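Okay, so here's the structure we're looking at.
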Amino acid sequence: MSKIALITLEHRAVSLACSGFALLLGACGGGGEPARAPVPAQAAVSVAGATPAAQAADPARADPAGAARTDAAGTDAAQAAEEAPGAFAMAGYAPEDEQARAAGRQGSALYVSPRGSDDNPGTGAWPFRTLARAARAAAPGVTVYVAPGTYSGGIQTSASGRPDARIAFVSTERWGARIVPPERSDTKAAWDNRGDYVDIVGFDIDGGNHLGGIRWSTGIYNAGSYDTLRSNHVHHIAQGVACSSAGGAAIGVDGYYRGVQAQVLANLVHDIGPAGCRFVQGIYVSTTAKVKNNVVYRVAEAGIHLWHDAHDVVVTNNTVTGSNTGIVVGGGDFYYTSGPNDHTAVYNNIVYDNRMGISEQGRTGHNNSYRNNLVYKNSSYDWHLKNGLTHSGTVSSAPLFAGDTDVALPNFSLSPGSPAIGRATPVHAAATDFNGRPRNVFSGFDIGAYQH
């Protein structure tokens, strides 16, 4: 595991009154690139003493002016697991689409390598050089295998797969394919996906070495439906920038373009945003989604933040620490609904040593549920639930991680004596943990991203 020292973030309460429609991962304001689609004006919600309302995450969307309103409702790469890294990232993505053929589906493969050329046909022997070239060639049923190496970011993918013929972009080694800023960046996101039935698996998204142009405020922005963002390492995003209400996030799952049901699974997210900036999130969701088995730490604002049209979201078995807020469950500045954020399940998460723990904000419903979480040592408060809701099965003690979290490289796996062991509910839990290790129903499911 990466063991980057957790830095205590000093934050101050921020009261928002913003004009116009803010970019998805911030809170309000902010100009930017020309919009890829026209955007209606929206306003932000302010919650006194809580986090600022997060906004729409489209990093390419401009922020048109509008009337101000306040609503009172309102680097280190981690070591890869115990398995061979290739086996982890490639699980479920057999070379040459053997799985597709075995299932009687038509499929094909494309290949990308630092030693390739975009004049090549994209075969194993003659790979492409860039992900941009592979993205233009991708079609339903195609898996794009990306060899270890360094690739320029600012990637835009828009092709859609089908339920029986997904498009997959897969690093052939876990975190071996590294996405970095180009010499002159002209986008706000390292990777912008608008396609449906798309998988992005196993990449290292590293925004730490900005060279010129626009600094990345978003790692992976996903606006499609039924997409999966799995096993990626997203770090050093929205750093070295002025803290503004334009905001940012490591991973943004947005419903502005009608995207639904994305999955954010087993990603490592850390060092997101400038310390003390309350407009930058770790994992940001504004629609229906599943957020499971992620390790998130040292985020300027919320490790996991639900806003806009978020509802029916499953947030389970994540480990969130060293951030301003652990998990925000909220709704406001709605795109297409009138809210609230309801029927959201927050189960089996470790939310430890943040400023605030698990917090409902904005418009939330009566059917959200909070079960079997370990919530402890969040300095301002551990819980802030609305509508008379209560939590159950909560563990209120230190998680006893296997390593010292104050050293340079924290290890967030569980020690043998951890109170998180065997205390989770199997409801909504994934079959495997952050490292792909099976969760054992016989010995009990563990709270957090790791199974002991």
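Restricting 373, 411 to those that are surrounded by 13 or more Cβ atoms within 10 Å (Cβ to Cβ), touching a strand residue (DSSP E or B) at 6+ places or on another chain (Cβ under 8 Å) and modelled with pLDDT under 95 reduces the list to 411. Would you mind stating whether residue 348 is out of contact with any Cys (no Cβ under 6 Å at 6 or more places or on another chain), modelled with pLDDT of 95 or more and within 21 Å of residue 450 (Cα to Cα)? Yes: the conditions hold for residue 348.
Scanning the range 393-449 for residues that are of a type outside the set (A, V, I, L, M), closer than 22 Å to residue 322 by Cβ and outside any loop (DSSP other than H, G, I, E, B) yields one hit, 401. Would the range 395-407 turn up any residue that is in contact with a strand residue (DSSP E or B) (Cβ under 6 Å, 6 or more places away or on another chain) and crowded, with 23+ Cβ neighbours inside 10 Å? Yes, the conditions are met somewhere in the range 395-407. Counting only strands (runs of 3 or more DSSP E) that fall entirely inside the range 219-271 and contain at least 3 residues that are hydrophobic (A, V, I, L, M, F, W, C) and over 24 Å from residue 437 (Cα atoms), the qualifying elements are 248-253. Remark: pairs (first residue in the range 300-317, within 26 Å of residue 275 (Cβ to Cβ); second residue in a loop (DSSP other than H, G, I, E, B) and among the basic types (Lys, Arg); Cβ separation under 8 Å; 6+ apart in sequence or on different chains) = 300/278; 301/278. Among the residues of the range 178-213, those identified as in contact with an Asp or Glu (Cβ under 6 Å, 6 or more places away or on another chain) and β-branched (Val, Ile, Thr) are 180, 198. Does residue 134 satisfy being at pLDDT 95 or above, in contact with a Pro (Cβ under 8 Å, 6 or more places away or on another chain) and crowded, with 23+ Cβ neighbours inside 10 Å? No: the conditions fail for residue 134. In the condition set (1) modelled with pLDDT under 95; (2) of a type in the set (A, V, I, L, M, F, W, C); (3) closer than 23 Å to residue 218 by Cα, residue 314 is compliant with all but (1).
The values are calculated or read from the model by the stated rules, or taken from the named source; none is laboratory data. Bear in mind the structure is a predicted one, so any value in this text is a computation, not a measurement. Neighbour counts are summed over all protein chains in view; Cβ atoms, including those assigned to glycine, are modelled from backbone coordinates with ideal geometry.
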